[in-house]
Amino acid sequence: MEDAHSTIDTLGKLKGLGVSMAIDDFGTGYSSLSYLKRFPVSTVKIDRSFVDGLARDPEDTVIVEAVVALGHALGLKVVAEGVERAEQLAHLRVLHCELAQGYHFAKPQPPEAVGAMLAACTLP
């Protein structure tokens, strides 16, 4: 991030090769609104610290709603990280958040178990 011009150039080359990129942990740390404008990303991932309070904490709920709306307005896919409860998923569906990940779906699995898990998977 210290050499933004070089980073933007490299990310642009990767995008040209068909690589899609996401901004992870959006809303915390070094993530910035300017990244959504400057970097050729296709996805923004909402940090789990905000998703945790979804449907329980009014401030977290507003932040998640705003990030989903902003992502969609910019033509980005939005991923909610850290979904652990059915009510979080229900709220995300109302917001049309297209992707979610977290323990609500499955705990981490060894590689050899993933294929069988996906084959047997039905969405909640």
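Panel note: the C-alpha atoms of the chain, placed on their principal axes, show extents of 43, 40, 23 Å (largest first). In the elastic network of the chain, a GNM with C-alpha springs shorter than 10 Å, the most mobile of Gln88, Gln101, Gln109 is Gln109. Against the chain, whose longest principal axis comes from its Cα atoms, helix 58-73 is set at around 50 degrees. With K and R counted +1 and D and E -1, the other residues having a Cβ less than 15 Å from that of Gln101 yield a net charge of -1. If you run the Gaussian network model on the chain, springs between alpha carbon atoms under 10 Å, then out of Thr43, Thr61, Thr28 the most flexible one is Thr28. Using Cβ point charges alone (K and R +1, D and E -1), the dipole size of the chain about the Cα centre works out to roughly 420 debye. Under 5 Å from the amide H of Ala80 lie the amide H atoms of Ile46, Leu99, Ala100, Gln101, each residue being 5 or more positions distant or on a separate chain, with H modelled from the backbone and absent for Pro and chain starts. Among Ala106, Ala22, Ala69, whose mean-square fluctuation peaks in a Gaussian network model of the chain (Cα, cutoff 10 Å)? Judging by the Gaussian network model, the answer is Ala106. For a Förster distance of 41 Å, can you work out the FRET efficiency between the beta-carbons of Ile8 and Glu98, rounded to the nearest 0.05? Calculated transfer efficiency: 0.95. Normalising the average separation of contacting C-alpha pairs (under 8 angstrom, six or more residues apart) by the number of residues puts the relative contact order of the chain at 18 percent. Applying the Kirkwood pairwise sum to the alpha-carbon positions of the stretch 21-81 produces a hydrodynamic radius of 11.4 angstrom. Full extension of the segment from Met117 to Lys37, taken as 0.36 nm per residue of separation minus the current Cα-Cα distance, would add 25.1 nm. Rounding to the nearest 10 and keeping the result within 0 to 90°, find how far the Cα-based axis of helix 4-16 lies from the longest principal axis of the chain. Result, in degrees: 60. Ligands, DNA and RNA aside, Asp25 has an accessible area near 60 Å² when probed at 1.4 Å. For the chain, the share of accessible area belonging to carbon and sulfur comes to 59 percent (1.4 Å probe, ligands and nucleic acids excluded).
In the complete set of protein chains, residue-level accessible area for Cys97 is approximately 20 Å², probe 1.4 angstrom.
The values are calculated or read from the model by the stated rules, or taken from the named source; none is laboratory data. Just so it is clear, the structure is predicted and the values come from calculations on it, not from any experiment. Ideal geometry is used to build each Cβ from the backbone, glycine not excepted, and the neighbour counts take in all protein chains shown. Heavy atoms of the whole protein, side chains included, go into the accessibility calculation; ligands, DNA and RNA do not. Shrake-Rupley method; radii C 1.70, N 1.55, O 1.52, S 1.80 Å.
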